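J.: Dropping the structure in here first, questions after.
The values are calculated or read from the model by the stated rules, or taken from the named source; none is laboratory data. Computed from a predicted structure; not experimentally measured. Cβ placement follows ideal geometry from the backbone for every residue including glycine, while neighbour counts extend to all protein chains displayed. These area figures cover heavy atoms from the full protein model, side chains too; ligands, DNA and RNA do not enter into them. Shrake-Rupley method; radii C 1.70, N 1.55, O 1.52, S 1.80 Å.
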Amino acid sequence: MPIVFIGPMAAGKTKIGRRVARGLNVPFIDTDKRIVESYGPIGEIFAREGEEYFRIIEREAVDWALGEPAVVSLGGGAVLNVDTQSDLENATVVYLSVTTAAVQARLGGGRRPLLAGGITDWERIYNVRRPTYEALATICLDTSNRPISGIADEIVNWVQERNDE
Ligand SMILES: Nc1ncnc2c1ncn2[C@@H]1O[C@H](COP(=O)(O)OP(=O)(O)OP(=O)(O)O)[C@@H](O)[C@H]1O
Ligand SMILES: O=C(O)C1=C[C@@H](O)[C@@H](O)[C@H](O)C1
Ligand SMILES: [Mg+2]
């Protein structure tokens, strides 16, 4: 089973996941990116087909990715799927958390369809999902006040130590 990154929007799953994959010399898969490659921009999928449809194609992307020997970064809401929840019980799950204060500077661009209301939406959604992230996590790291490189190095070392045990 792969190493899987979960956590709220803009916690750093894509950026840190990619660095960890490089550090471990394994492929990197970002399920949002796979969806965009197959179906076009996520904002357009939400606008055209709705969130329910997005969650169906997201589950397909996650199901495929979890069968790969890779570091896998999931979209922030992928853990809502119950099949994904049970799959993750057998995976190494890295939960990246971030505070509201720290994430504010990262939310530029407005490309996330669920954040039309900005930081208020981010906080509301995170509060609903937080128990799920916590329940699925093998390890949790707070990314709020640390550089991406230091967090990625810590995760690479942690994975290597686990593999040596
Ligand atoms: N530790 C960090 N310190 C400062 N900025 C960070 C940190 N981690 C990520 N960022 C910045 O926050 C933004 C979001 O990061 P990233 O795309 O990796 O988040 P994500 O968890 O994949 O979000 P999404 O759920 O939307 O895919 C990027 O601009 C990134 O450079
Ligand atoms: O948290 C979410 O529900 C989402 C997060 C992003 O990664 C994308 O998967 C999409 O914008 C939905
Ligand atoms: Mg991402």
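J.: Please calculate how many Å² of accessible area the range 3-156 carries per residue, with a 1.4 Å probe and no DNA, RNA or ligand atoms counted.
T.: Here the per-residue accessible area is 49 Å².
J.: Let me ask something additional. Roll a 1.4 angstrom probe over the protein heavy atoms and tell me the percent of accessible area of the range 3-156 that is carbon or sulfur.
T.: Working: 3650 of 7470 Å².
Of all accessible area on the range 3-156, carbon and sulfur atoms account for 49 percent.
J.: Same structure, new question: For the chain, what is the mean residue ellipticity at 222 nm derived from helices alone (per DSSP H run of n ≥ 4: -39500 (n - 2.57); sum divided by total residues; nearest 500 deg cm²/dmol)?
T.: Values: 8 runs with 90 residues, N = 165.
For the chain, the value works out to -16500 deg cm²/dmol.
J.: So if I average 1/r over every pair of distinct C-alpha atoms in the range 3-156 and take the inverse, what Kirkwood radius in Å does that give?
T.: 15.6 Å
J.: Here's something else I'd like to know. Taking the inverse of the average 1/r across all pairs of different Cα atoms in the range 9-78, what Kirkwood radius in Å do you get?
T.: One over the average 1/r among Cα pairs gives 12.5 Å for the range 9-78.
J.: If you take the Cα atoms of the range 37-125, find Rg, then find the Kirkwood Rh from the mean of 1/r over all pairs, what is Rg/Rh?
T.: 0.97
J.: Which whole-Hz couplings ³J(HN,Hα) result when phi for each residue of the range 9-18 is put into the Karplus expression 6.51 cos²θ - 1.76 cosθ + 1.60, θ = phi - 60°, listed in order with x for Gly and Pro?
T.: In residue order, the calculated couplings are 4, 6, 6, x, 4, 6, 5, 6, x, 4 Hz.
J.: Through the Karplus equation 6.51 cos²θ - 1.76 cosθ + 1.60, θ set to phi - 60°, convert the phi angles of the range 128-135 into ³J(HN,Hα) values in whole Hz; use x for Gly and Pro.
T.: Each residue of the range 128-135 in turn: 5, 8, 3, x, 5, 4, 5, 5 Hz.
J.: Through the Karplus equation 6.51 cos²θ - 1.76 cosθ + 1.60, θ set to phi - 60°, convert the phi angles of the range 99-107 into ³J(HN,Hα) values in whole Hz; use x for Gly and Pro.
T.: 7, 4, 4, 6, 6, 3, 6, 9, 8
J.: For residue 5, which sequence-distant residues (separation of 5 or more, or a different chain) have an amide H within less than 5 Å of its own amide H, given hydrogens modelled in the peptide plane?
T.: Correct list: 72, 73, 74, 94.
J.: Right, something else. At most 12 other Cβ atoms within 10 Å and a DSSP loop assignment: could you name the GluC sites (Glu not before Pro) in the range 8-110 that fit?
T.: Numbers: sites: 37, 44, 49, 51, 52, 58, 60, 89; in loops: 89.
Here the GluC sites (Glu not before Pro) that fit, given the DSSP loop and packing criteria, are 89.
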